[in-house]
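The values are calculated or read from the model by the stated rules, or taken from the named source; none is laboratory data. Everything quoted here is computed from the prediction, not taken from an experiment. Cβ placement follows ideal geometry from the backbone for every residue including glycine, while neighbour counts extend to all protein chains displayed.
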């Protein structure tokens with residue numbers, strides 16, 4: 001019984017350790033303000049996001065049609081590279097607002 005209690009306590013503490021600090025102070029009634037950037041810069045970032053999304057779609061199509069597992073693995077590596085670039089760019093773009 002003591003072991004189960006100690007293990008559940010440790011699991012609870014471990015769960016708290018992975019929560020980012022911003023989550024503890026998050027208030028849905030007070031949304032974060034977005035940084036204002038020039039409209040041209042915002043449009044350039046949005047165009048890059050669209051370009052990476054199109055590239056990701058193309059890679060996924062090539063993966064679906066690829067029969068060779070080694071070539072498919074190289075395609076997955078490209079997909080991962082594009083996905084990492086896309087996710088950071090989308091995250092940055094979500095915190096920005098265009099200024100006319």
- Task: Could you tell me whether residue 67 is assigned to a loop (DSSP other than H, G, I, E, B) and in contact (Cβ under 8 Å) with a residue 60 or more places away in the chain?
- Result: no
Among 37, 49, the single one that is touching a helix residue (DSSP H, G or I) at 6+ places or on another chain (Cβ under 7 Å) and touching a residue at least 24 places away in the same chain (Cβ under 8 Å) is 49
If we ask which residues in the range 1-26 are over 22 Å from residue 87 (Cα atoms) and assigned to a loop (DSSP other than H, G, I, E, B), their number turns out to be 2
I'd like to check something: does the range 27-35 contain any residue that is more than 20 Å from residue 87 (Cβ to Cβ) and either touching a strand residue (DSSP E or B) at 6+ places or on another chain (Cβ under 7 Å) or not in a loop (DSSP other than H, G, I, E, B) (or both)? no
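From the list 89, 79, pick out the single residue that is touching a helix residue (DSSP H, G or I) at 6+ places or on another chain (Cβ under 7 Å), over 19 Å from residue 35 (Cα atoms) and either modelled with pLDDT of 95 or more or in a helix (DSSP H, G or I) (or both).
Within the list 89, 79, the selection yields 79.
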